[in-house]
1. Tell me the Kirkwood radius of the chain: reciprocal of the mean inverse pair distance over distinct alpha-carbon atoms, in Å.
2. Can you work out the base-10 log of I(q)/I(0) for segment 57-151 at q = 0.18, 0.19, 0.25 1/Å, using the Debye formula on its C-alpha atoms alone?
3. Counting only helical runs of four or more DSSP H residues, what would the 222 nm mean residue ellipticity of the chain come to if each run contributes -39,500 (n - 2.57) and the total is spread over all its residues?
4. Of the listed peptides 16-27, 183-194, 146-157, 123-134, what is their order by residue-averaged count of other C-beta atoms within 10 Å, with the highest listed first?
5. Give the angle, between 0 and 90 degrees and rounded to the nearest 10, that separates the Cα long axis of helix 243-253 from the longest principal axis of the Cα atoms of the chain.
6. If the viscosity is 0.890 mPa s and the temperature 25 °C, what translational diffusion coefficient in µm²/s does Stokes-Einstein give for segment 133-244 when Rh comes from Kirkwood over Cα pairs?
7. Could you give the length gained on full extension between residue 94 and residue 149, defined as 0.36 nm per residue of separation minus the Cα-Cα distance, in nm?
8. For segment 257-317, what number results from the quotient of the Cα radius of gyration and 2.2 N^0.38 Å?
């Protein structure tokens, strides 16, 4: 241990230094509080042993400065004193002393109190090291989460859809870096506006991963890879698939046994912007609110279970004329 001894009595100071070095410690000495404070700031020490009464700066004042200085590592402080009054001990502890040794000091008493100090110092150093490792690991995790959040945000609508027939607006405010919620807006064939809201059960990374997978499945890419597309044109909605069939296929792909018990609710709408016909299906999600002026329109409840709750579920849809 690196020990600083602050003691104005020369015989006690020399005796302490010899004894501590005999136990294998590295020892520096100061003959008053001010000198001890300068030495403390010039080097690192594990333990400080200080007399109570010293000229210039008392032991209590030295301890107060040490505690106010803070620092990365904790410094264990033992106070040497001939005082035995309880109020003095309370004062020393309140100032920041960890232990007391009576003067004139007993060799064995000093040794065992130093052993206690060494254990605390080593424990504190170990905790500091582990905390530093945890902070580094936490920062790596947060860096990964921020990168994943950027990917998730990149899959949100890049702009509002505005045509001569319709305009859209949206807002997405996750409570955490990663969210299990998703929204989508796609104008297909310059006519059909597809919009959806998805909410995955749970929170954090697992919910966000399932959310991103669902958003990817709902991308309106060409070909059979997209759930939204019906390239045969048999749906009656151009190349857009009926919402009920999309929900049925989503439930088939996201099997209940494959997602650790997580499920997702969804509201999916396809609006023919030329005719104003709105096709809606709900997979366990609250129905949308449709206002005509300030008057709400009744939206029939059509859909089915949340997705990934029950394999083989099929879904219905309803049509509202806007």
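1. 25.6 Å
2. After summing over all Cα pairs, the log10 values are -0.90, -0.96, -1.27.
3. Dividing the helical sum by the residues of the chain leaves -12000 deg cm²/dmol.
4. Descending packing order for the listed peptides: 183-194, 16-27, 146-157, 123-134.
5. With rounding to tens, the tilt is 50 degrees.
6. Value of D from the Cα-based Kirkwood radius: 156 µm²/s.
7. Extra length from residue 94 to residue 149 when fully extended: 15.0 nm.
8. For segment 257-317, the normalised Cα radius of gyration is 1.34.
FYI, it's all coordinate maths here, none of it is from the lab. From a predicted model like this one, the values you see are computed outputs, not experimental measurements. Neighbour counts are summed over all protein chains in view; Cβ atoms, including those assigned to glycine, are modelled from backbone coordinates with ideal geometry.
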